[in-house]
Amino acid sequence: GQQLNQSPQSMFIQEGEDVSMNCTSSSIFNTWLWYKQDPGEGPVLLIALYKAGELTSNGRLTAQFGITRKDSFLNISASIPSDVGIYFCAGQIPGNQFYFGTGTSLTVIP
Amino acid sequence: DAGITQSPRHKVTETGTPVTLRCHQTENHRYMYWYRQDPGHGLRLIHYSYGVKDTDKGEVSDGYSVSRSKTEDFLLTLESATSSQTSVYFCATRTSSSSEAQYFGPGTRLTVL
């Protein structure tokens with residue numbers, strides 16, 4: 001299957017700091033998605049990106065669709081304790097299948 | 001939120017027994033998916049459906065079958081459960097548009113002893 005490399009695997013940051021994470025692939029995707037998952041729950045969609053170069057914000061979250069269509073970035077500004085969780089990227093190739101990264105575990109220290 | 005429910009939410013079963021997990025959606029989304037989530041592997045696609053009675057295999061389909069007799073329901077069956085199928089199973093749905101994201105259910109935690 002497709003390989004999505006997500007980094008970093010885990011992050012420990014102080015409350016108020018900014019966070020950056022990214023996903024890269026050897027394949028070209030036509031959609032990039034970013035999800036957050038809390039323990040015991042399903043992933044919740046944060047941001048969807050549909051065009052190369054697109055930059056989209058959702059509150060303190062900003063994500064970008066890489067110009068090569070092989071990568072995407074998620075930034076969280078001024079982190080707060082409720083940002084704790086696992087963040088997943090997902091890419092879609094033509095044919096409707098989505099492929100997921102292995103996740104970035106975020107811990108915010110008050 | 002696509003009004004997705006999964007049942008059961010938790011199940012413990014023994015090796016060799018059949019197991020069926022149900023996904024129900026209220027949004028009339030065309031596409032439905034079954035994933036499994038395991039540490040170190042992220043979410044991996046088992047099977048998906050692009051319409052009633054239309055299904056296809058994902059990357060980890062061995063040992064699983066699916067059925068979709070109604071738009072709102074997508075069933076995942078383990079004909080003879082094995083310990084390697086211990087996992088958390090998520091259902092997801094998507095509208096028929098080619099540029100819409102997937103929305104996930106709350107998950108089913110399955111343990112095969």
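The values are calculated or read from the model by the stated rules, or taken from the named source; none is laboratory data. Model, not experiment: these values are computed from the prediction. Every residue, glycine as well, gets a Cβ built from its backbone with ideal geometry; the counts of neighbours run over all protein chains shown.
Some values worked out for this structure:
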quantity: Qualifying residue in region B:99-110 (condition: touching a residue at least 12 places away in the same chain (Cβ under 8 Å), buried (at least 18 other Cβ atoms within 10 Å of the Cβ), assigned to a loop (DSSP other than H, G, I, E, B) and at positive phi); calculated: yes
quantity: Listing of strands (runs of 3 or more DSSP E) fully contained in region B:8-97 that carry 3 or more residues being among the hydroxyl-bearing types (Ser, Thr, Tyr), at pLDDT 95 or above and surrounded by fewer than 20 Cβ atoms within 10 Å (Cβ to Cβ); calculated: B:64-70
quantity: Flag for residue A:26 being free of Cβ contacts under 8 Å to residues at least 60 places away in the same chain and either surrounded by fewer than 20 Cβ atoms within 10 Å (Cβ to Cβ) or of a type in the set (S, T, N, Q) (or both); calculated: yes
quantity: Residues (over 21 Å from residue B:103 (Cα atoms) and either in contact (Cβ under 8 Å) with a residue 60 or more places away in the chain or within 14 Å of another protein chain (Cβ to nearest Cβ) (or both)) located in region A:70-106; calculated: A:78, A:79, A:80, A:81, A:106
quantity: Residue match in region B:3-25 (condition: within 11 Å of another protein chain (Cβ to nearest Cβ), within 17 Å of residue A:92 (Cα to Cα) and of a type in the set (A, V, I, L, M, F, W, C)); calculated: no
quantity: Total residues in region B:1-31, condition over 15 Å from residue A:42 (Cα atoms) and touching a residue at least 60 places away in the same chain (Cβ under 8 Å); calculated: 14
